[in-house]
Each structure stands twice: as C-alpha cells, then as structure tokens.
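For reference, the structure discussed in these notes is given below.
The values are calculated or read from the model by the stated rules, or taken from the named source; none is laboratory data. Computed from a prediction, not measured in an experiment: that's the story for all the values here. Cβ sites come from the backbone with ideal geometry, for glycine too, and all protein chains shown count toward neighbours.
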Amino acid sequence: MPTHEDSGQGALPLDQLGQLRSDVRHLQSDVTEIKSEVRATHQRIDALGGKVDAFRDKVDEKLANLDKRFDEKLTVLDRKIDERLGELRGNTDKRFNEVQARFDGVQGRFDCVQGKFDGLTKEIAALGAKVDGAKLWAVLLFISMFGSLFVVIAHAFKWF
C-alpha cells in the first residue's frame, strides 16, 4: 500500500484526482447548461410577458369599445324611452282633455236641468201661494154661503 493512503491525511491517488476533476468539469458544464436554460426561460417568460401585456391592452381596448357602444346604445334607448313617454303623456293628456270636455258637457246639461228644476220649484211655490189664496177665498166663500143660508133659515123661522 502506498504510504500516502495510510498517512490519514486524506491524500488521494492521481487517478481519483483526475476523476474528481472530470466530475467537477462535468458539473460545471451542467451548471453552465442550466444557466443557459434559465436565461432562455427568462427570455421566453419576458416574451410571454410582452404577449400578455399586448393581449391585456387588446382586451382593455375591446372593453373600452364595448363600453362606448353600450353607452351609445343606452343613450339611444333612453332617448327612445323619453320620446315614447312624451307621446304617451301627450295622448293621455289629450284623452283626459276629451273626457273633461265631455264631463263639462254633462255638467252643462245638469246645469240646464237644475235651472228647469229651479223654475219648476218657483212655479210650485207660486202655485202654492195661489192655492193659499184660493183656500182663503174658499173659506170666505164658505163663510158667506153659511151666512146667506143662516139668513135664509132665520127668515124662514122668522127670527128677524
């Protein structure tokens, strides 16, 4: 056995040292390869980030256009609704005015009938006054007939 193996200082034979160097070089090449793959991955991620940013910008633009179109449609729809409500209000007002005119006509008829009833009431009151006068006249006639009959009876019995 060689003396450098027994010394306990950890000395390695030359072929093991060469093998270690080969392993280190192999590890260095693997690390270099990993680094190049990491760089390529970073470049792909950056490129993908650019694509994502471009896609986000397109989506934002499309959403803005959609929002603009939606606002335009809502504005048109709001205008149409306002116009239709205006027409309905006009039609409703027109119909209410027609109904009001008809009610006014009916009210005129009622006023005419009321006037006739008022005239009839006055005539009945006048007739009542005439009847009262006729009653008085009838009572006076009755009294005068009674008096005349009494005079005739008194003459017949020679009371006077």
Given (1) assigned to a helix (DSSP H, G or I); (2) surrounded by fewer than 10 Cβ atoms within 10 Å (Cβ to Cβ); (3) basic (Lys, Arg), index of the condition Arg89 fails: (2)
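For (1) at pLDDT 90 or above; (2) touching a Phe, Trp or Tyr at 6+ places or on another chain (Cβ under 9 Å); (3) polar (S, T, N, Q), each residue gets a yes or a no:
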site	(1), (2), (3)
Asn65	yes, no, yes
Leu77	yes, no, no
Phe103	no, no, no
Gly115	no, no, no
Ile124	no, no, no
Val131	no, no, no
Ala134	no, no, no
Leu149	yes, no, no
Odd one out for Asp6, checked against (1) modelled with pLDDT of 90 or more; (2) surrounded by fewer than 10 Cβ atoms within 10 Å (Cβ to Cβ): (1)
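Any residue in the stretch 12-20 that is surrounded by 10 or more Cβ atoms within 10 Å (Cβ to Cβ), part of a helix (DSSP H, G or I) and under 60 Å from the mean Cα position of the chain (by Cα)? Spell out the reasoning first.
Applying the first criterion (surrounded by 10 or more Cβ atoms within 10 Å (Cβ to Cβ)) to the stretch 12-20 yields 12-13, 16-20.
Narrowing further to those that are part of a helix (DSSP H, G or I): 16-20.
Next, only the ones that are under 60 Å from the mean Cα position of the chain (by Cα) stay: none.
Taking every residue of the stretch 12-20 in turn, none turns out to be surrounded by 10 or more Cβ atoms within 10 Å (Cβ to Cβ), part of a helix (DSSP H, G or I) and under 60 Å from the mean Cα position of the chain (by Cα).
Are any of the residues in the stretch 88-100 among the acidic types (Asp, Glu) and modelled with pLDDT under 90?
Restricting attention to the stretch 88-100, the residues satisfying the condition of being among the acidic types (Asp, Glu) are 93, 98.
Filter once more, so that each one left must be modelled with pLDDT under 90: none.
Scanning the stretch 88-100 turns up no residue that is among the acidic types (Asp, Glu) and modelled with pLDDT under 90.
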